[in-house]
Amino acid sequence: MSSDSSELRPLPHRAARHASAVTPGWATGRARPWTGPHRDLRLLRRACRWQRRIAALTALGYFAVFLTLTVQTPSLMARPAPGGLPLGLFLALAQLPVTWLAVILYELTAHRLVDPLARRVRRQTRDAQARP
């Protein structure tokens, strides 16, 4: 038998602190508006998330493949590669260009996908502040 007496006297129920006074759209049957500044912010967050994931997976994925090859097939990594270097050293040195590629992809996708969304959100915010 435990010495914890909380099982004998349950705590009184309190309303959740995070409860909102606003009823969500799905509970009232109203459709959620998919236009407006909130939509643009959601799109901007999603674009930034995908951009980070792709860049990180490019660099970390190559590193993980390199480590796996090093551990699983040391004889393969000891074979000579182009230039007379062992294949393991060649792949280790290739990590720098792969990281540069990840950074370049990050910049290109930011310029093409994220920056226009950020400009649109900034413009809408500026216009909304100028209206009152």
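Points to keep in mind about this one:
- Listing of helices (runs of 4 or more DSSP H) fully contained in region 24-132 that carry 1 or more residues being modelled with pLDDT of 85 or more: 37-72, 74-78, 87-93, 95-109, 115-130
- Answer residue from region 106-132, given it is among the hydrophobic types (A, V, I, L, M, F, W, C) and open to solvent by 70 Å² or more (accessible area, probe 1.4 Å) and is farthest from THR68 (Cα to Cα) among those: ALA130
- Top-ranked residue in region 65-81 [being more than 14 Å from ALA94 (Cβ to Cβ) and hydrophobic (A, V, I, L, M, F, W, C); ranked as most open to solvent (accessible area, probe 1.4 Å)]: VAL71
The values are calculated or read from the model by the stated rules, or taken from the named source; none is laboratory data. Everything quoted here is computed from the prediction, not taken from an experiment. Heads up, the Cβs are rebuilt from the backbone with ideal geometry, glycines too, and the neighbour counts pull from every protein chain shown. In case anyone asks, the SASA skips ligands and DNA or RNA and just uses the protein heavy atoms, side chains included. Shrake-Rupley method; radii C 1.70, N 1.55, O 1.52, S 1.80 Å.
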